[in-house]
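The numbers here are math on the coordinates, done by the rules we state, and not lab data. Please read all numbers here as calculations on a predicted model, not as lab measurements. Ideal geometry is used to build each Cβ from the backbone, glycine not excepted, and the neighbour counts take in all protein chains shown.
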Amino acid sequence: MYQSLKKATETTIHWTRVEAWAGVGIPDVNGAAPFGEFWLENKVETRKAIQPVSLWRPAQIAWQTRRAAFFPNVFNLVSRPRAEVVEIFSCSKLLDLVSNAETPPDLVLSAPVKWQILIEYLEAEMRRLSASAGKVGIVSRETKRPTGAQALDRGQLATDKREASTPRR
């Protein structure tokens with residue numbers, strides 16, 4: 001599934017596959033696009049119905065739950081070859097999904113999968129999340145402290161360096 005997704009979208013998204021040893025529970029793939037950064041957990045369900053308890057390990061559920069508390073930019077792609085669909089669930093729905101397999105997906109893509117539809121969904125979700133993040137006080141890119149050339153132009157970089165090199169008493 002990942003190779004197909006990557007090949008179809010590599011001109012618009014920078015993909016990084018995360019190896020299992022990188023951290024317990026971290027999703028399989030990180031994507032960076034003009035509309036934001038997000039994570040994808042890829043699952044394949046070979047049974048007729050989704051059996052969430054056997055698909056996600058406790059560490060994966062914990063990681064996504066913790067991430068969702070800060071910024072829920074994690075999405076679960078569940079490929080169901082028997083049904084010839086890929087179902088997408090946001091991390092916000094993962095706890096519901098694990099406790100109730102009847103939780104409806106956020107998006108269903110039929111085979112052959114048109115990955116552009118997924119990208120359009122992700123872009124819409126990231127824009128929605130970014131808009132709501134500003135309302136709850138999460139720092140946006142626009143409000144962060146300036147760095148590099150912007151900071152130098154404002155005389156802030158030199159101040160930061162002096163503060164860093166001044167020994168504390």
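Of the trypsin sites (Lys or Arg not before Pro) found in region 28-105, those in coil by DSSP whose Cβ has at most 15 other Cβ atoms within 10 Å are ARG47, LYS48, ARG82. Using the Cβ-Cβ distance between LEU95 and GLN3 with R0 set to 45 Å, the FRET efficiency from 1/(1 + (r/R0)^6) comes to roughly 0.90.
Spin-label model, ALA59 to ARG128: label points 7 Å out along the Cα-to-beta-carbon direction sit 3.1 nm apart. Ordering 23-30, 72-79 by mean Cβ neighbour count within 10 Å, with the highest value first, yields 72-79, 23-30. Residues of region 71-85 with an amide N closer than 18 Å to a point placed 7 Å from the Cα of TRP15 along the Cα-to-Cβ direction: 74-81, 85.
Explain nothing, just the number: relative contact order of region 2-138, from Cα pairs under 8 Å at least 6 residues apart, as a whole percent. Computed value for region 2-138: 20 percent relative contact order. Can you count the Lys pairs in region 2-138 with C-alpha separation below 18 Å, eight or more apart or on different chains? Lysine pairs, 8 or more places apart or on different chains, close enough: 5.
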